[in-house]
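These notes are about the structure you will find just below.
The values are calculated or read from the model by the stated rules, or taken from the named source; none is laboratory data. Because the structure is predicted, anything quoted here is derived from the model rather than measured. Neighbour counts run over all protein chains shown; Cβ positions are idealised from the backbone, glycine included.
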Amino acid sequence: MKILITPTSLQPGKNPEALDVLRKFTDNLVFNTTGRPLTEDELIPLLDDCDGYIAGLDFVTEKVLRSCKRLKAISRYGAGYDRVDIDTAKSCGIPVSNTPGVNAEAVGELAFSLILSLARKIPYLDHSTRIGEWNRSTGMELKGKNLGIMGLGAVGKVVARCAKGFEMDVAAYDPYIDTSYCAAHHIRVSTFDELIKHADVISLHLPLNASTRHMIDQKALCRMKPGALLVNTSRGGIIDETAAYEALKNGTLGGLGLDAFETEPPKDSLLFQLDNVVVTPHTGAHTFEATRNMAHAAVQNLIDILSGRECPYIVNQSDTL
Ligand SMILES: NC(=O)c1ccc[n+]([C@@H]2O[C@H](COP(=O)([O-])OP(=O)(O)OC[C@H]3O[C@@H](n4cnc5c(N)ncnc54)[C@H](O)[C@@H]3O)[C@@H](O)[C@H]2O)c1
């Protein structure tokens, strides 16, 4: 059996224990030498004679899926699967699995770091101190502030827990909200409109799909509390970046923290000109702990599917755009 492995943190020298498990299953492994997610045109020749595929953040389009005739399983390394055309995979009889929850701690902690960075302007102050300025710009305390979480899944729950440690008042909007979890953890169940209107800080933890694309658009940004902070560690397309730039420029939005972008890597983004924007390169899941967990889970899912065993993490619902 031949397997393509593309995640940048599951390559020779990285996560060797998980790769050893895979090597016991098959020695025929192909790696991604580019150091970044692969495009449609790069994937097609690589997947041509593969039986299995551990997928990073590559673009697994209809064209890719229809061209790889031997492929029997796709194991997504991570929770999100918006870059895999699930409907076409289904119609081609290729099961797709993911690794839900195993990187939640890492992503949630990064989201909260971005919130703290914005509240106390840490990257801006770091830079200005290094260049000889002594600009003690005033920040905002989080205690007693209202945090609105959109998408109270695995990552959203980690952020809620961090916020409770800072004595924030936490509200969440999620169409499939777990009300008993909210009651047990003193999280206010909110509508989208209430959350947008009342939050001092909004953190996004929902999937990107046709109904969530540009959910945070100019209209939503205008209804936010003046000076509110917005953080997105989920997927780029959920925020209209052009509208966010305007909202930051005119002060409607107080700060923006992004780990995910409409185009990755972002090119010549106007957002980078602003001091109240903090960015990281889609690195939410990049902790030693999370990459090890994802590697083991993705390898196990692939082996389970290719061995004809039941895999509990098959993705059924389409999240493609
Ligand atoms: N930055 C990174 O490196 C990184 C890493 C892992 C996950 N992610 C992304 O973070 C997001 C959350 O991941 P997770 O593991 O918590 O997923 P999850 O499936 O556990 O939680 C997602 C939650 O969003 C909710 N939801 C669905 N549609 C919604 C909508 N329209 N409005 C509000 N909520 C909605 C779901 O009910 C669910 O509770 C996903 O987009 C995932 O792709 C990013």
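For the stretch 123-174, name all the residues that are among the small types (G, A, S) and part of a strand (DSSP E or B).
G148, A171, A172
I'm trying to understand the selection: among the residues of the stretch 27-41, which are closer than 13 Å to L4 by Cβ and either loosely packed, with under 15 Cβ neighbours inside 10 Å or hydrophobic (A, V, I, L, M, F, W, C) (or both)?
N28, L29, V30, F31, T33, T34, L38
Is it the case, given these coordinates, that I94 is more than 16 Å from the ligand (Cβ to nearest atom) and among the hydrophobic types (A, V, I, L, M, F, W, C)?
Yes; evaluated as a whole, the condition is true for this residue.
For the stretch 151-170, name all the residues that are in contact with a Gly (Cβ under 8 Å, 6 or more places away or on another chain) and in contact (Cβ under 8 Å) with a residue 60 or more places away in the chain.
Answer for the stretch 151-170, where residues must be in contact with a Gly (Cβ under 8 Å, 6 or more places away or on another chain) and in contact (Cβ under 8 Å) with a residue 60 or more places away in the chain: A154, V155.
Considering only the stretch 180-208, how many residues are among the hydroxyl-bearing types (S, T, Y) and either in a helix (DSSP H, G or I) or under 17 Å from S117 (Cα atoms) (or both)?
Going through the stretch 180-208 one residue at a time, the tally reaches 3.
Among (1) under 16 Å from the mean Cα position of the chain (by Cα); (2) assigned by TED's automatic domain parsing to the domain that holds D82, where does I238 come up short?
(2)
Please determine whether any residue of the stretch 90-106 is without any contact (Cβ under 8 Å) to a residue 12 or more places away in the chain and aliphatic (A, V, I, L, M).
Checked the stretch 90-106: no residue is without any contact (Cβ under 8 Å) to a residue 12 or more places away in the chain and aliphatic (A, V, I, L, M).
Mind telling me which of the residues A285, A290, A260 ends up being touching a His at 6+ places or on another chain (Cβ under 7 Å), more than 18 Å from L4 (Cα to Cα) and surrounded by 17 or more Cβ atoms within 10 Å (Cβ to Cβ)?
None of the others qualify; the one that does is A260.
Here is a yes/no grid of residues against (1) under 16 Å from the mean Cα position of the chain (by Cα); (2) among the hydroxyl-bearing types (S, T, Y); (3) assigned to a loop (DSSP other than H, G, I, E, B):
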| residue | (1), (2), (3) |
| --- | --- |
| P281 | yes, no, yes |
| H286 | yes, no, yes |
| T291 | yes, yes, no |
| H296 | no, no, no |
| V299 | no, no, no |
| I303 | no, no, no |
| C311 | no, no, yes |
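Out of H282, H214, H205, report the one residue that is under 24 Å from Q11 (Cβ atoms) and within 16 Å of the ligand (Cβ to nearest atom).
Residue meeting the stated conditions: H282.
When you check E264 against the structure, is it outside any helix (DSSP H, G or I), within 16 Å of the ligand (Cβ to nearest atom) and charged (D, E, K, R), yes or no?
Against the criterion (outside any helix (DSSP H, G or I), within 16 Å of the ligand (Cβ to nearest atom) and charged (D, E, K, R)), E264 qualifies.
Please enumerate the residues belonging to the stretch 79-89 that are of a type outside the set (D, E, K, R), within 24 Å of D48 (Cβ to Cβ) and either in contact (Cβ under 8 Å) with a residue 40 or more places away in the chain or buried (at least 24 other Cβ atoms within 10 Å of the Cβ) (or both).
Hits for the stretch 79-89 are Y81, V84, I86.
Which of the following residues is over 30 Å from G52 (Cα atoms) and among the β-branched types (V, I, T): T252, T291?
T252
Here are some conditions: (1) assigned to a strand (DSSP E or B); (2) surrounded by fewer than 21 Cβ atoms within 10 Å (Cβ to Cβ). I177 meets all but one. Which one does it not meet?
I177 satisfies every listed condition except (1).
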